[in-house]
1. Do you know which of the residues in the stretch 7-25 that are surrounded by fewer than 16 Cβ atoms within 10 Å (Cβ to Cβ) and acidic (D, E) is modelled with the lowest pLDDT?
2. So the check is Cβ under 8 Å with 6+ separation or different chains; which pairs have a first residue in the stretch 67-82 that's of a type in the set (F, W, Y) and a second one that's open to solvent by 50 Å² or more (accessible area, probe 1.4 Å) and outside any loop (DSSP other than H, G, I, E, B)?
3. Could you please find all residues in the stretch 104-116 being within 14 Å of the chain's Cα centre (by Cα) and exposed (fewer than 15 other Cβ atoms within 10 Å of the Cβ)?
Amino acid sequence: RAYRKMGIDLQKEVHEDMKAHFSEYPKLWKLTKPDRNIDHRRVPNLMKFFSKFGTVKPITLNAKDYQPGDIVCWRLAGGLMHIGIVSKKKSSDGTRYLIVHNIGAGQVFEDCLFDFKIIGHYQYGK
């Protein structure tokens, strides 16, 4: 939703690139062609997309390196991957920006930047 507010239809953009360059994307789901209904929700696909069309930013343990609008990907316990966007809202101690993400309970703002292993850090926009 955040990108739609910026005039970016990420679902459409990911699908169109996967359709044109399917071989470049991860083959973790044994699909033979893109699936417009789910591809834009799969973190490995998004990481590939943002690597191609965004800016890959350094992964650090310094909260100041993560600015509003940045995209962060994590590896959760059990190997699952997750993604969120750095928001403009600050943590209660004012030292970090909150992350907006949805881990199954709807969209939330949380101070969780360093709660899991960061595996991707990107900037994307038009």
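The values are calculated or read from the model by the stated rules, or taken from the named source; none is laboratory data. Source: prediction; values computed, not measured. Because the Cβ atoms are built from the backbone with ideal geometry, glycine has one as well, and the counts that use them run over all protein chains shown. Just so you know, the surface numbers come from the protein's heavy atoms only, side chains and all, with ligands and any DNA or RNA stripped out. Shrake-Rupley method; radii C 1.70, N 1.55, O 1.52, S 1.80 Å.
1. The qualifying residue modelled with the lowest pLDDT is D9.
2. The qualifying pairs are W74/M81; W74/K117.
3. Q107
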